Amino acid sequence: MVAFLSENGLCGAFGTGLRSRRGVLVLLCLILAGAPANATEPATGSEDVPGESAAGVALDRIIETPLSVRESRERAQRAVNELSRDIQDLKQTVVTLNKDLRVLEEDLLFPANTRFHVFVSLNVGEYFRLEGVELRLDNQVVSTYLYSAEERQALAKGGKHQLYLGNLSPGQHTLSAFFVGQGPNGREYKRGSSLRFTKEQGPKFVELAVADSEARQQPEFMVREW
């Protein structure tokens, strides 16, 4: 009976110790299973910073390729072309506006009822080279002008130069023009021509015409009304 109790007590003590060991092992397994996988890895100074990695990726994405460079140049060229067209349109608008303002100014300063125009035309080349004109209206000098080589060429091609624009009351008036230039053989040449006319209501136009005379082999000067 005593022996049985002793064996039973030994067995009980052994079982209790075994259960305690099993509990410790289970606890260790639970601790090891819950620990992070990288907890055992040594910390190093070469770990990537998230911000730096994102910046590197972004930099790789914005590297230009030949195709993107060509597209950028094409867009820039289109923008330049559009700007050039806008500038040309603006210039044309300014020119048109200046013409309108000039017409408006003439209408305000020189009403149609009293407006008086004097033009110069030139059809010479062999017997006379025009250098200047002096214009007198009712014995008063109203305009003088010296012509350049470019202006003489423009007149020789059929152009007309507006020498005078002013107001003139209705009635009898006298217009005198004095021409200065070089005649045949390069000699200095001065000649005058006059016109007595009647100004009525409405605009008046007078032309000072200079032309070569083949028959007389000298220039002719005429003042005529339109």
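Do we have Arg152 as outside any strand (DSSP E or B), in contact (Cβ under 8 Å) with a residue 24 or more places away in the chain and out of contact with any helix residue (DSSP H, G or I) (no Cβ under 9 Å at 6 or more places or on another chain) here? Yes; evaluated as a whole, the condition is true for this residue. Taken over region 94-135, the criterion of being in a loop (DSSP other than H, G, I, E, B) and not hydroxyl-bearing (Ser, Thr, Tyr) is satisfied by Phe110, Pro111, Ala112, Asn113, Val124, Gly125, Glu126, Phe128.
Within region 215-226, track down each residue that is out of contact with any Pro (no Cβ under 8 Å at 6 or more places or on another chain) and either hydrophobic (A, V, I, L, M, F, W, C) or over 16 Å from Ala156 (Cβ atoms) (or both).
Start the filter on region 215-226 by keeping residues that are out of contact with any Pro (no Cβ under 8 Å at 6 or more places or on another chain), which leaves 215-216, 219-226.
Correct list: Ala215, Arg216, Phe221, Met222, Val223, Arg224, Glu225, Trp226.
Please work out which one of (1) buried (at least 16 other Cβ atoms within 10 Å of the Cβ); (2) of a type in the set (Val, Ile, Thr); (3) at pLDDT below 95 is the condition Val103 fails and give its number. That leaves (1) as the condition not met. Considered as a group, the residues in region 160-188 that are small (Gly, Ala, Ser) and touching a residue at least 24 places away in the same chain (Cβ under 8 Å) include one that is surrounded by the most Cβ atoms within 10 Å (Cβ to Cβ), and that residue is Ala177. Across region 131-143, not a single residue is classified as surrounded by 15 or more Cβ atoms within 10 Å (Cβ to Cβ), under 21 Å from Ala112 (Cα atoms) and among the acidic types (Asp, Glu).
For region 189-202, name all the residues that are in contact (Cβ under 8 Å) with a residue 60 or more places away in the chain and closer than 14 Å to Val133 by Cβ.
Tyr189
Here's a check for you: in region 157-207, which residue that is more than 42 Å from the chain's Cα centre (by Cα) and part of a loop (DSSP other than H, G, I, E, B) is nearest to Tyr145 (Cα to Cα)? Among those that are more than 42 Å from the chain's Cα centre (by Cα) and part of a loop (DSSP other than H, G, I, E, B), it is Gly183.
The values are calculated or read from the model by the stated rules, or taken from the named source; none is laboratory data. Keep in mind that this is a model prediction, so the values were computed, not measured. Cβ sites come from the backbone with ideal geometry, for glycine too, and all protein chains shown count toward neighbours.
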